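Encoded as structure tokens, the structure appears first; notes follow it.
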Ligand code: C2E
Ligand code: CA
Ligand code: CA
Ligand code: CA
């Protein structure tokens, strides 16, 4: 066995991906975590562009490991995807997110969907079941998909997006601009929102070219009638620029970090009935 030393986090170092027995060990741990309720969500606020109104929250998966502490998605989502556990994990997150938002008066909840989940035939059924179990009105659920879903099987993706929107659920294209995006996708796939990837926002600090690109991306989304969300907004300067550029919504550390449910509700005065 490899000596992990005092820093247990080393057990998750990507270099060990090639270590098959270690991968299987982690997979067993994740399977256990799903059964034991170690997977929960944090919620990150999404504000109106003027920063005045809480419009919704993105649900982000967290693994609260019994002795390793908190493990972030960058480490366990890929593992969940290669092991097939992503379907179970996605369900856990979706149900927690819907149950949470059903308690609130107004804000939507936005849930990340892996392309692997999205292409499964039972996905829509699971979404409908989560809505019914929680009582959340469908129009207060947003599903965040990535360009990946469109590349593999565009016909199926289009069909699935239509079925989701027929339920009344909204669909957002996440990490926009980072993938292989052909602009034709944007027109073909009937989306509600577009999330401009954080890298574009970060780039703003590096000069005029980045600002020009960002203007184009925002205008493109607006021209297609989509709600444009900027992610990874970390400074007041970025927020000012993005608002002037025409973004509808803002998300990022400047507006609030992901928080556990209880803290999120307390901070924003939601669910006063507890
Ligand atoms: P994402 O969907 O792009 O989510 C936004 C990520 O950016 C989150 O990281 C969030 O904590 C982080 N973030 C938000 N604002 C800022 C900011 O101002 N600055 C910086 N530097 N970062 C910011 P997190 O929670 O570590 O999640 C990483 C990725 O893991 C997500 O990226 C998403 O792709 C994936 N993920 C998270 N939860 C789920 C889930 O339930 N299902 C699936 N399939 N994927 C998930
Ligand atoms: Ca997302
Ligand atoms: Ca994103
Ligand atoms: Ca991202």
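The table for this structure:
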read-out: Whichever residue in region 23-46 is without any contact (Cβ under 8 Å) to a residue 40 or more places away in the chain and either buried (at least 16 other Cβ atoms within 10 Å of the Cβ) or in contact with a helix residue (DSSP H, G or I) (Cβ under 6 Å, 6 or more places away or on another chain) (or both) and, among such residues, is nearest to residue 240 (Cα to Cα); value: 38
read-out: Subset of region 175-234 [surrounded by fewer than 15 Cβ atoms within 10 Å (Cβ to Cβ), touching a strand residue (DSSP E or B) at 6+ places or on another chain (Cβ under 9 Å) and assigned to a loop (DSSP other than H, G, I, E, B)]; value: 190, 224
read-out: Checking residue 184 against (1) in contact (Cβ under 8 Å) with a residue 24 or more places away in the chain; (2) away from ligand 3 (no atom under 11 Å from the Cβ), the condition it does not meet; value: (1)
read-out: Unique match (being within 16 Å of ligand 3 (Cβ to nearest atom), at pLDDT below 95 and under 20 Å from the mean Cα position of the chain (by Cα)) among 72, 60, 43; value: 72
read-out: Lone unmet requirement of (1) at pLDDT 95 or above; (2) in contact with a helix residue (DSSP H, G or I) (Cβ under 8 Å, 6 or more places away or on another chain); (3) surrounded by 14 or more Cβ atoms within 10 Å (Cβ to Cβ) for residue 168; value: (3)
read-out: Scan of region 133-176 for residues that are in contact (Cβ under 8 Å) with a residue 40 or more places away in the chain and within 14 Å of residue 123 (Cβ to Cβ), ordered by number; value: 141, 144, 160, 164, 167, 169
read-out: Cβ-Cβ under 7 Å pairs, at least 6 apart or on other chains, region 102-123 side without any contact (Cβ under 8 Å) to a residue 60 or more places away in the chain and within 21 Å of residue 192 (Cα to Cα), far side assigned to a loop (DSSP other than H, G, I, E, B) and within 16 Å of ligand 4 (Cβ to nearest atom); value: 115/146
read-out: Index of the failed condition, residue 239 passing every other in (1) surrounded by fewer than 20 Cβ atoms within 10 Å (Cβ to Cβ); (2) under 21 Å from the mean Cα position of the chain (by Cα); (3) in a helix (DSSP H, G or I); value: (1)
read-out: Of all residues in region 242-256 being within 9 Å of residue 44 (Cβ to Cβ) and touching a residue at least 60 places away in the same chain (Cβ under 8 Å), the one that is surrounded by the most Cβ atoms within 10 Å (Cβ to Cβ); value: 251
read-out: Residue check for residue 222: out of contact with any helix residue (DSSP H, G or I) (no Cβ under 6 Å at 6 or more places or on another chain) and within 20 Å of residue 50 (Cβ to Cβ); value: yes
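The values are calculated or read from the model by the stated rules, or taken from the named source; none is laboratory data. Since the model is a prediction, treat every value here as computed from it, not as a measurement. Note that each Cβ is placed from the backbone with ideal geometry, even for glycine, and that neighbours are counted across all protein chains shown.
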